[in-house]
Amino acid sequence: MKIIVLGSGYVGLVTGVCFADKGHKVYSLDINAEKVKKINSGKSPIFEPGLEELLKKNLENGNFKASLSNDFYFKNISTDISFICVPTPSREDGSIDLKFIEKAAEDLAKYVKKIKDYHVVTVKSTVVPSTTDKTVLSILKKSGKKIGEDFGLCMNPEFLREGSAVGDFLHPDKIVLGSYDDRSASILEKVYESWSKNIPRIKTNLRTAEMIKYAQNSFLATKISFINEIANMCRKMGIDAKQVSYAVGLDNRINPQFLNFGVGFGGSCFPKDVKALIAASEKSGFEPKLLKSVIHVNEKQPLEALKMAENIEGKTVSILGLAFKPNTDDIREAPSIKLIQELKKHNVTIQAYDPQATENMKTLFPDINYTESPLDALKNSDICFVMTEWEEIKNLKPEDFLNSMRNPVIIDGRRAFNPEAKKKAGIDYKAIGYGTYEED
Ligand code: UGA
């Protein structure tokens, strides 16, 4: 099939490259000329395992091509379906900002007006319920063309995790196919025809598809804030939360995933999506008290790490891990940002290390010391905060801390280490969720 993907960001690029790899002909559009050039030269603008290899392969076999949006629309190339994969940022009050969605819909309205064949517009970006059937549809109708006859409309949310997005796209747990009518649905279904027949296809209306995405992300965020709250209690009560979360996760009704406690969830999705759902719900007349608490707990969680450090005034502090999670260079809403902001109030010298996210962090904090290795970050520091559980960081031995730091104090925000091993070696080890009777 011939497919347009609007937006060559994280979701758009993965979507476009994976569709191309499944044999579709993909036109990946973006408004940023430099990005388009980079993509067409086989370089991925984002760090995502496996993506660059697939990009190169599909550029070579001609299934994938990036274009500047205006250049593409000018050519009047007919296609079967388009996927809107543009960002949906938060406004100051947490509600969703639809300006990029509206612009994409306006471009597609002009496109639909020009082409002769039936075309299905699909929203893949995460949008609050009623965005597709109200906002997007009303803009598309301005083309003068008729929904159902000239064009169709679908909503097809993504459930990609950064760091495993390619695998998630090609082997999903489910495919949610929200559609305006059967004709639109049949085209979207055809796009996913070559995915395994064992993957459940959930056919819904447009609003339900939009809500599934929010409900899912909100539930996962709730699970994290829940276990973080339990972990905070455990530390105060002299209990190791690791055993608690492990045992609780063994109940089939709960499952072990997303029960890792720590400094809180970050990234471009959970914080933004939960806030957007709260705002949309309040607008509809319902106050979601549980979700508000999920955000509240999460915003305070990085500070739990700071609370464990006694007297940081004027000290040299090392931070291991800056990205919001391992295997990504993404620092959006990373708990490390809140920690650094707080530390800066205490006249500390910061030495930070991350295998991928340093360049991004430099744009926010150009004035802290970034190091090339974890050992350089630890050198002569008084306190070490572990903020992201990269394998490289988890593999550090007690000697690495003992030989590099002044009087090693580790504050483990991700339970990257075995407490006993570090304590046995004479390190003052503290961690979120790690309480012991001795501290009573
Ligand atoms: C998340 C969802 O997992 C994807 O399914 C969804 O498609 C995506 O958002 C999105 O909406 O686009 P992602 O933001 O890449 O994916 O990251 P996750 O792996 O879900 O982690 C999110 C945050 O939660 C990270 O900061 C991570 O450290 C934290 N986390 C995760 C915990 O603190 N504990 C856990 O047990 C799991």
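Looking across region 155-175, the residues that are over 16 Å from Lys197 (Cα atoms) and in contact with a strand residue (DSSP E or B) (Cβ under 7 Å, 6 or more places away or on another chain) come down to Met155, Asn156, Pro157.
In region 380-403, what count of residues is obtained for those that are acidic (Asp, Glu) and closer than 24 Å to Glu313 by Cβ? Please lay out each step first, then the result.
Step one: filter region 380-403 for residues acidic (Asp, Glu), giving 382, 389, 391-392, 399-400.
Next cut, closer than 24 Å to Glu313 by Cβ only: 382.
Count: 1.
So for region 267-276 (the condition being within 23 Å of Arg415 (Cβ to Cβ) and among the basic types (Lys, Arg)), does at least one residue qualify? Give the steps one after another, and end with the answer.
Residues of region 267-276 within 23 Å of Arg415 (Cβ to Cβ): 267, 269-271.
Among the residues that remain, those that are also among the basic types (Lys, Arg) are: none.
No, because not a single residue in region 267-276 is within 23 Å of Arg415 (Cβ to Cβ) and among the basic types (Lys, Arg).
Only one entry in Val248, Val244, Val191 is within 22 Å of Val121 (Cβ to Cβ) and not basic (Lys, Arg), namely Val191.
For region 316-326, check the following and say yes or no: at least one residue is within 16 Å of the ligand (Cβ to nearest atom), in a helix (DSSP H, G or I) and either basic (Lys, Arg) or surrounded by fewer than 19 Cβ atoms within 10 Å (Cβ to Cβ) (or both). Give the derivation first.
Of the residues in region 316-326, the ones within 16 Å of the ligand (Cβ to nearest atom) are 319-326.
Now narrow it down to the ones that are in a helix (DSSP H, G or I): none.
Scanning region 316-326 turns up no residue that is within 16 Å of the ligand (Cβ to nearest atom), in a helix (DSSP H, G or I) and either basic (Lys, Arg) or surrounded by fewer than 19 Cβ atoms within 10 Å (Cβ to Cβ) (or both).
When region 144-156 is filtered for residues that are open to solvent by less than 10 Å² (accessible area, probe 1.4 Å) and not aliphatic (A, V, I, L, M), the ones remaining, listed by number, are Phe151, Gly152, Cys154, Asn156.
How many residues, within region 343-378, are open to solvent by 50 Å² or more (accessible area, probe 1.4 Å) and in contact (Cβ under 8 Å) with a residue 40 or more places away in the chain? I'd like the intermediate steps shown before the answer.
Initial filter on region 343-378 (open to solvent by 50 Å² or more (accessible area, probe 1.4 Å)): 344-347, 349, 356, 359-360, 362-364, 366-367, 369, 372, 375-376.
Filter once more, so that each one left must be in contact (Cβ under 8 Å) with a residue 40 or more places away in the chain: 356.
Total meeting the criteria: 1.
When region 327-364 is filtered for residues that are under 19 Å from the mean Cα position of the chain (by Cα) and either assigned to a strand (DSSP E or B) or acidic (Asp, Glu) (or both), the ones remaining, listed by number, are Asp329, Asp330, Glu333, Asp354, Glu359. Applying the condition of being within 18 Å of the chain's Cα centre (by Cα) and β-branched (Val, Ile, Thr) to region 81-122 and asking which residue is surrounded by the most Cβ atoms within 10 Å (Cβ to Cβ) yields Ile84. Can you say whether Val263 is within 11 Å of the ligand (Cβ to nearest atom), of a type in the set (A, V, I, L, M) and within 26 Å of the chain's Cα centre (by Cα), as far as the supplied structure shows? Considered against the rule, which asks whether it is within 11 Å of the ligand (Cβ to nearest atom), of a type in the set (A, V, I, L, M) and within 26 Å of the chain's Cα centre (by Cα), Val263 comes out as yes. Listed conditions (1) buried (at least 19 other Cβ atoms within 10 Å of the Cβ); (2) in a loop (DSSP other than H, G, I, E, B) are all met by Gly426, apart from (1). Annotation: Glu389 fulfils all but one of (1) open to solvent by 40 Å² or more (accessible area, probe 1.4 Å); (2) under 20 Å from Phe47 (Cβ atoms); (3) touching a Leu at 6+ places or on another chain (Cβ under 7 Å); the unmet one is (3).
Which of the residues that make up region 6-36 are open to solvent by 20 Å² or more (accessible area, probe 1.4 Å), without any contact (Cβ under 8 Å) to a residue 60 or more places away in the chain and in a helix (DSSP H, G or I)? Once the filter is applied, which keeps residues that are open to solvent by 20 Å² or more (accessible area, probe 1.4 Å), without any contact (Cβ under 8 Å) to a residue 60 or more places away in the chain and in a helix (DSSP H, G or I), region 6-36 yields Ala33, Glu34, Lys35. Applying the criterion of at least 1 residues that are away from the ligand (no atom under 12 Å from the Cβ), free of Cβ contacts under 8 Å to residues at least 24 places away in the same chain and not charged (D, E, K, R) to the helices (runs of 4 or more DSSP H) found wholly in region 136-253 leaves 137-141, 182-191, 206-237, 241-249.
The values are calculated or read from the model by the stated rules, or taken from the named source; none is laboratory data. This is a predicted model, so every value here is computed, not measured. Neighbour counts run over all protein chains shown; Cβ positions are idealised from the backbone, glycine included. Quick note on the areas: whole protein, heavy atoms, side chains included, nothing else; ligands and nucleic acids left out. Shrake-Rupley method; radii C 1.70, N 1.55, O 1.52, S 1.80 Å.
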